[in-house]
Structures are given as C-alpha cells and as structure tokens.
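Before any comments, here is the structure.
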Amino acid sequence: MKTAFIVFSLIVFALLTNGLYQALVAAPTEATMGDVQRIFYYHVPSAWTAFLCFIANFVASIIYLAKRNQKLDAFAFASAEVGVVFCTVVLLTGPIWARPVWGIWWTWDARLTSTLVLWLIYVSYLVLRRYATGGQTATIAAALAVFGFIDVVFVYMAIRWFRTQHPQPVVGGGQGSGLHPAMLHALLMNFLAFAMYAGLLLWLRYKLERTSHLVEEAHAARAIAGDAR
C-alpha cells in the first residue's frame, strides 16, 4: 500500500507539472484577454473536479442512508472535504480573472451566486460533521449532502437556463467549439492532473477518517467492557 501511494504521488506530481507547463507555456496567449486568460486552465478544471467530488459524496451518502456502512460514511466525508477545497479555488480564481476582464470582482448572477451557495452548503456539511454530537450526526449529514447536490445540478445548468455574465460552456458547446487545439489540450491535461490530485487527497482523507472511526469504536468497546465489569 505504501509503494502504491508513492507511485500514485509521483504520477500526480508529473501530471501537475505537465499541466503547469501546458497552461503557462504551451497554450497560446488569448488574443482578447491576454495572459490573464491562463487562469482559465485552473478555474475550469477546479470546478469540474469539485463537481466530481460532490457527485462522489452524493452517491456515497445515498448508499450510506440505505446500508449504514461506516466506510461509505468516511468516504462521503472525505469527498465533501476535498470538494470544498476545489470549490474554494473556483471562488478565488473567478474574481481574479473577472476583475481585469469584466472590470468588477463579483456580480450576483445565477452561476456565481449558486456556486457561492454550493460552497456554503458543503461547508455547513463539514461543520456539522466536525462539531455536532449524537448518534444521528452521520445520518443528518448524509441527508444534507443529498439536498446539497440539487445545487450542484443548478450550478451546472445555470448558464444554460439563464442569461448570465458568466461565459457559456467551454466544452460541449458555446466557447468550446472555438478553443484553439493547444488550449483545449492544456485544459484537459489540467483537468486530468486536478482529478488525480483530488483522488490522492481523497485517499489520504479517507484513510485518516477510517482510522478515526476505528479508534472511536475501540474506545467505545473498552468503555462498554469497563461498565460490564
């Protein structure tokens, strides 16, 4: 297991390094926005990776509600935590890109506002998991995760349902058809790198959460054994 983790880490490092090169060197400079457009190669893959994490959290939460499997609970917690990290990157890189292009840091349009709400929902999930006490915490958190996933769908569809200041989809329609092949390659390489990096973080957080569960179960078993005496 240790060898697999090291190999996986080296692969992730190589992918992130290549993604950095693709974004800053290989991809051509966008004619209208200039070099600030290169934030695109981090902003968009971060959003896609956050979506993947929240989808994983949603699926794990539904199955947990059905089976009450502690491994699924740990996986759901870990995927939400990693998803919040990447969603935070989205919310930070978006205004940095918007300021020189739009002339403003933020606008309350459907895509941006729903993304902020999404971040708040999953931060609330993490706060609930970390600080709530009681035997039903995992169940309540799983229900919140299922509810929160509705906003994932809304965020994804917002620029299709509403006329927003946010650009149209960059792949699969809209701007995607006009991307230079080198730009599309840089985008996809960074998405692969970020997705693999998220997988590495998820692996670490899942292992840590499972260890925490096992320690708590051992303490509970000792307490019960002590009471029995």
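For the chain, complete DSSP H runs whose alpha carbons reach 30 Å or more along their own long axis and whose mean Kyte-Doolittle score is 1.6 or higher are 137-161. Relative to the current alpha-carbon distance between residue 96 and residue 14, full extension at 0.36 nm per residue lengthens the span by 26.9 nm. If the segment from residue 6 to residue 208 were pulled out straight at 0.36 nm per residue, it would be longer than the present Cα-Cα gap by 71.0 nm.
Using the Cα gyration tensor of segment 97-162, with a ≥ b ≥ c the square roots of its eigenvalues, what is the shape: rounded (a/c below 1.5), prolate (a/b larger than b/c) or oblate (neither)? Kindly include the intermediate steps, with their values, before the conclusion.
Numbers: a/c = 5.36, a/b = 2.13, b/c = 2.52.
Because a/c hits 1.5 or more and a/b fails to exceed b/c, segment 97-162 counts as oblate.
Where (1) 38, 22, 13; (2) 30, 21, 17; (3) 24, 22, 16 are the candidate values, the label of the one calculated here for semi-axes √(5λ) of the Cα gyration tensor in Å is (1).
The modelled label-to-label distance for the pair residue 55/residue 146, using points 7 Å beyond Cα in the direction of Cβ, is 2.0 nm. Computed on segment 1-121, with alpha-carbon pairs under 8 angstrom and 6+ residues apart, the relative contact order is 23 percent.
Values quoted throughout were computed directly from the atomic coordinates according to the rules given, and no laboratory measurement underlies them. What you see is a predicted model; the values in this text were computed from it and never measured. Please note: Cβ atoms are built from the backbone with ideal geometry, for glycine as well, and neighbour counts cover all protein chains shown.
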